[in-house]
Structures are given as C-alpha cells and as structure tokens.
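Undergrad: Take a look at this one; I'll ask things after.
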Amino acid sequence: MKVVLITGSAGLIGAESTRFFANRGFKIVGIDNNMRKEFFGEDASTDWSRKNLQREIKNYVHYSEDIRDTGIMENIFKEYGTDIKLVIHTAAQPSHDWAARDPFTDFTVNANGTLILLEMTRKYCNEAVFIFTSTNKVYGDTPNNLPLVELETRWEIDESHKYFKYGIDESMSIDQTKHSLFGVSKVAADILVQEYGKYFGMKTVCFRAGCLTGPFHSGTELHGFLSYLMKCVITGKQYTIYGYKGKQVRDNIHSYDLVNAFWHFYQNPRVGEVYNIGGGRHSNCSIIEAIKMCEEVTGKKMDYSYSEKNRIGDHIWWISNVNKFRSHYPNWQYKYDIKSILTEMGEHI
C-alpha cells in the first residue's frame, strides 16, 4: 500500500492532509507528540484531533514521537521504506513570541527536525515527494517597507506598485531583514528543503503560506488568528489587537485549499520548488474587518482592547501572489473565501 508520512498529523494542516489522502486510498503514518499543548497550553492541545483520526480512519497509524529524535525517526522510516511515496511535514513551533522565550527549542524543532526528516527521506525513500509547510515569515519584515496607504479599515499597498494586483511573489528577498527568531528557524528549514531538492535531485517543495485556517484549528492568542478571534467573540473573551490600528492585512487560506494544492503537486512534482501560497486577493482581511465579519456571523459583539505595541516582525500588509503555483498547476482552484471560512468556523466552535 502507498504510504503518506505526515508530521504534525493532529494539527490543522496535518489532520486535513490525513483525511484528504486517506480518502484517496493511502495508508497514513502520522507523527505528532502534541507539543502544541506544551507551546500554548491546554486550549491548544490537539489530543482531541488525534483521537478523532484514530477513531475515524482505519488506515491511520499514529506515533506520538518527537521529530528531533534521530533514532526514532530512522526506525519509522526504515519500517515503511520505499512504500513511503509522500512526506508532508507540518510539525513546527509556529509563534514569533514563543520563539523568543526559548530559541533553542524553536530552532531544534523547526530547523533540526526538518533536517532529520529530509535525511531520513533521502536514505530510505528518496523517490518520495517531500512537502514542507514553510511560511511568509521567511521574508521577515521586508514587506513593511512597501509603499503602504492607510484606508478606513485596512492598510493597502499603493495602486501603482507591482504587487498591488496579485500580491507578493517569490522574488522578494529573504535577506537583510528582521525575521523574528521563529522566522529564522523557518528560513533555515526552507533553505534545507530547497537544497535537498537542488543538490540531491529530490522532489521537494516549500509552500510559503500566509495565514492557514479552518474550523478545526486549535487557535490560541499566540497562533491561529481567525480561529482564536472567532473563539473570543463566541465566548465573550476579550481580544487584544497589537499595533497598526488593527488595520494590518492578512490573506487566509482554508486548510482544504492548501492540502488540495499539496495533492496537485504530488501528482506532478518538481525539484527544489518554492511557492507563495495563501488566500491572495481572493481571501484576505484586516483585523478590524475580521472582527466585523465575526460579529455578523455570530450576531455577538466583540470585546476587544488595543495595544500600541505591535508584535516584532509582524507584517503590516501581506497578500500572497499565487500565480506561480497556478501557472504550474492550472487545475487548482479555491473552494473557500474569507466569509465562507468564518461562517464554517462559527458553526463548529
């Protein structure tokens, strides 16, 4: 049986990938030790997700292991060998703020863990496709140097700029910028994934994502913007906006749309590829626009406060240009936009 090995398998993208590929007849080897709970507390635990996967999916095998443990990873890869046709690496420490508290853990999870997985793939299943969920934070705060215009509810890029129509493409430099320590560890992983493709000829890809979201996100204040926002409006918990007048813009892509992009890449893989991926001009919002939409969906008023201090390395305006991916995989299309994402969230939280 064809095997897909998925790290972070109980997380938002990992669980979506598990269901997606299991429905297409693959055996799923899931690796997830619920470090999200360690990072962000009980509310962020993915244990409920793991239990659901084990209950629902008969061809799912779970390993509660740490991707930084070379010996254990080697044993898992050795067991399945060339049956592994695809590796989807979603496990990560995903927060700017948390990384600054514990840089060693952040770097070893994000960078060293990725190196171990790449080397095990090269050693035991080097024909497998290796998909890495990178991040737009590899560009650091360079996007904040773009010519931005303040509008009533959002920051927007000047209409004359090349990025206005479609968003930021892969040509933006990742050098000479403030990344946050999280961004640095993801840059290291991103370049490793590219190098294993370009140097060893492996079928690797970095998806540099905007905000990843969906109804089954274990959102917390430090990670999971839309999910946490919707939780706050439904429960009445106060939400804090950090800087930029709440007009900072994010593009948001539903977990299904991202995993469907994985599927398209898997069917016709390339070597050492990089794609910006996100909601693009199709699905984006500022924080105050998102608050208004959450209120409309739930019929409740949001209790929020404002702090002048923005998060270090935070983007004022980010919209992904997905045209490169679309040019390579023209049959891929969005299923969700920002309003349908929030409506679905409101029904599930």
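Undergrad: What dipole magnitude, in Debye to the nearest 20, does the range 3-348 give about its Cα centre under +1 on Lys/Arg Cβ and -1 on Asp/Glu Cβ? Can you show the working numbers first?
TA: Values: 40 positive and 42 negative charges, 126 e Å.
The dipole magnitude comes to about 600 debye.
Undergrad: Grab the beta carbon distance between ILE234 and ASN331, set R0 = 35 Å, and tell me the FRET efficiency rounded to 0.05.
TA: With R0 = 35 Å, the Cβ-Cβ based efficiency is 0.45.
Undergrad: Based on the Cα gyration tensor of the range 230-303, what are the three equivalent ellipsoid semi-axes, each the root of five times an eigenvalue, rounded to whole Å and given largest first?
TA: Computed over the range 230-303, the values are 33, 14, 10 Å.
Undergrad: For the pair GLU65 and ASP303, what calculated FRET efficiency results from E = 1/(1 + (r/R0)^6), where r is the Cβ-Cβ distance and R0 = 41 Å, to the nearest 0.05? Intermediate results must be reported in sequence, preceding the final value.
TA: Details: r = 40 Å, r/R0 = 0.98.
Efficiency at R0 = 41 Å is approximately 0.55.
Undergrad: A further question follows. Name the shape class, rounded, prolate or oblate, that the alpha-carbon gyration tensor gives for the range 43-85, where a ≥ b ≥ c are the square roots of its eigenvalues, rounded holds for a/c under 1.5, and otherwise prolate holds if a/b is larger than b/c and oblate otherwise.
TA: oblate
Undergrad: Pick out the long, greasy-scoring helices in the chain: whole DSSP H runs spanning 27 Å or more along their own axis by Cα, mean Kyte-Doolittle at least 0.5.
TA: Qualifying helices, which must be both long enough and hydrophobic enough, are 181-200.
Undergrad: Related question: Ranked by Cβ crowding within 10 angstrom, fewest neighbours first, how are ASP257, ASP69 ordered?
TA: The most exposed by this proxy come first: ASP69, ASP257.
Undergrad: Mind checking which lysines have their Cα closer than 19 Å to the Cα of LYS237? Skip sequence neighbours fewer than 8 apart in that chain.
TA: The reachable lysines, counting only those whose Cα sits under 19 Å from LYS237, are LYS292, LYS300, LYS301.
Undergrad: Ranked highest first by average number of other Cβ atoms within 10 Å, how do 89-102, 165-178 line up? Don't skip to the answer; put the middle values down first.
TA: Details: 89-102: 21.4, 165-178: 15.0.
Ranking the peptides 89-102, 165-178 by packing returns 89-102, 165-178.
Undergrad: Can you tell me the FRET efficiency between TYR242 and LYS2 if r is taken as the Cβ-Cβ distance and R0 is 30 Å, rounded to the nearest 0.05?
TA: Efficiency for this residue pair is about 0.10.
Undergrad: Residue separation times 0.36 nm, minus the C-alpha to C-alpha distance between ASN23 and THR82: what's the value?
TA: 19.1 nm
Undergrad: Give me the distance between the Cα centres of the range 104-119 and the range 191-260, rounded to whole Å.
TA: A separation of 19 Å, based on Cα centres.
Undergrad: Extension gain ASN268-HIS161, at 0.36 nm per residue separation less the Cα-Cα distance, in nm?
TA: Difference between extended and current length: 35.2 nm.
Coordinate-derived values only; no laboratory data. As the structure is a prediction and not an experimental result, all values here were calculated from the model. Don't worry about glycine lacking a Cβ; one is built from the backbone with ideal geometry, like all the others, and counts go over all protein chains shown.
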